[in-house]
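Worksheet: one structure, shown below.
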2 protein chains.
Amino acid sequence: MNIKVYVLEKTKDKNQLAAIKEYDKRLTRYCKIKLFTLKNEEELNKLPEKSYKIMVHEKHETISSEALADKIQTLGLIGKSDISLILSDSEEFDDSFALSKMTMSTGMSLTVLYEQIYRAYRIMKNEPYHK
Amino acid sequence: MNIKVYVLEKTKDKNQLAAIKEYDKRLTRYCKIKLFTLKNEEELNKLPEKSYKIMVHEKHETISSEALADKIQTLGLIGKSDISLILSDSEEFDDSFALSKMTMSTGMSLTVLYEQIYRAYRIMKNEPYHK
């Protein structure tokens, strides 16, 4: 699975950057994941057509960790091996979910998202989750 | 406002500890906040009676950052100046909410909770939120 994460704002908080880096490292066992910072919303239109675009924003439906694991697993099974997770409230997408109803900074959202992707793979592989 | 945060598990992740410490420092302007690690669920029964006990757990209702700010402000207005926020699925409480429907480690939940308490005070004071 090829996961691309898109944000519209660079994270500067060093604790959050360190946390994201740590999950990024742990995820190398399970998938290819890469973070991109876009200059503006318009750049979202340039994302590759074949990529399955999922918006991650508080205005969408909150889901459980198990539901996220299911989502990723199902996409793999139907041959969608290129997923874009986009932290934006833009309306154009194939799917969407919320990490929380609460407003979080981009860095905090990213930290939670990376933890949840890692957790999703642990759930899919039936492996215990190490905190 | 006197906010006590109770968890049943010690956080060891150094990025999360650093993030919590940072929000703790920023919160000194707004409230007294202190983190306690309990040895077991039974210790919850020993919390001071006058403290307003709020359970924070994914099984409860997800709320927005604005709703959390409202909740804290209302408690202050009705003279409940001692709040306990308890990360547990225990059934005994005065109120409850969820940070997310997703399962998060204790350390990650604490990081999000501290950010949300800080954000709540920024909302209450009508101050911009600095990421």
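The values are calculated or read from the model by the stated rules, or taken from the named source; none is laboratory data. These figures come from a predicted structure and were not determined experimentally. Quick reminder, even Gly has a Cβ in these numbers, built from the backbone with ideal geometry, and neighbours come from all protein chains shown. Just the protein is used for accessible areas: all its heavy atoms, side chains included, with ligands, DNA and RNA removed. Shrake-Rupley method; radii C 1.70, N 1.55, O 1.52, S 1.80 Å.
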Which chain A residue puts its Cβ closest to the axis that rotates A onto B, and at what distance in whole Å?
A:Ser100, 2
Of every hundred units of 1.4 Å-probe accessible area on the protein assembly as shown, the number belonging to carbon and sulfur atoms, as a percent, is 48 percent
Got the A:Phe36 label distances to the other copies yet, label 7 Å along Cα→Cβ, in nm, shortest first?
4.9
Residues in region A:1-20, backbone N under 20 Å from the label point at A:Asn45 (7 Å along the Cα-to-beta-carbon vector): list them, ranges by number please.
A:6-9
Evaluate E = 1/(1 + (r/R0)^6) for B:Asp95 and A:Asp89, where r is the Cβ-Cβ distance and R0 equals 30 Å; express this FRET efficiency to the nearest 0.05.
0.55
Just need the relative contact order of chain B here, percent rounded to a whole number, with Cα pairs under 8 Å and 6+ apart.
37 percent
Sort shortest first the distances from A:Lys125 to its counterpart in every other copy, using label points 7 Å along the Cα-to-beta-carbon line, and give them in nm.
4.4
At 7 Å along the Cα-to-beta-carbon direction for both B:Phe36 and B:Asn2, put a label point, then send me their distance in nm to one decimal.
1.0 nm
Students often forget the sequence filter, so: which aspartates and glutamates lie under 20 Å Cα-Cα from B:Lys46 once same-chain residues fewer than 8 apart are removed?
B:Glu9, B:Asp82, B:Asp89, B:Glu91, B:Glu92, B:Asp94, B:Asp95
Size of charge dipole - region B:7-60 - debye, nearest 20, with Cβ of Lys, Arg +1 and Asp, Glu -1, no other charges:
360 debye
What are the trypsin sites (Lys or Arg not before Pro) within region A:53-99 that DSSP puts in a loop, where the Cβ has at most 14 other Cβ atoms within 10 Å?
A:Lys59
Using a 1.4 angstrom probe, figure out how much accessible area chain B has per residue, in square angstrom, rounded to the nearest whole.
51 Å²
To the nearest 20 Debye, how big is the dipole of region A:1-109 about its Cα centre, given +1 on the beta carbon of each Lys and Arg and -1 on that of each Asp and Glu?
680 debye
Listed pairs A:Lys10/A:Lys71; B:Lys14/B:Lys71; A:Lys32/A:Lys125; B:Lys21/B:Lys71; A:Lys12/B:Lys34 exceeding 20 Å between Cα atoms
A:Lys10/A:Lys71; B:Lys14/B:Lys71; B:Lys21/B:Lys71; A:Lys12/B:Lys34
Residues losing 50 Å² or more accessible surface upon assembly, region A:1-41, compared with the chain by itself, 1.4 Å:
A:Asn15
Picking from A:Tyr121, A:Thr106, B:Thr11, whose Cα lies most toward the positive end of the charge dipole for the protein assembly as shown (charges on Cβ: Lys, Arg +1; Asp, Glu -1)?
B:Thr11
Give the nm distances, rounded to one decimal, from A:Leu77 to the matching residue in every other copy, measuring between label points 7 Å along Cα toward the beta carbon; shortest first.
5.0
Rounded to one decimal in nm, the spacing of the 7 Å Cα→Cβ label points at B:Ser81 and A:Lys59 is 4.1 nm
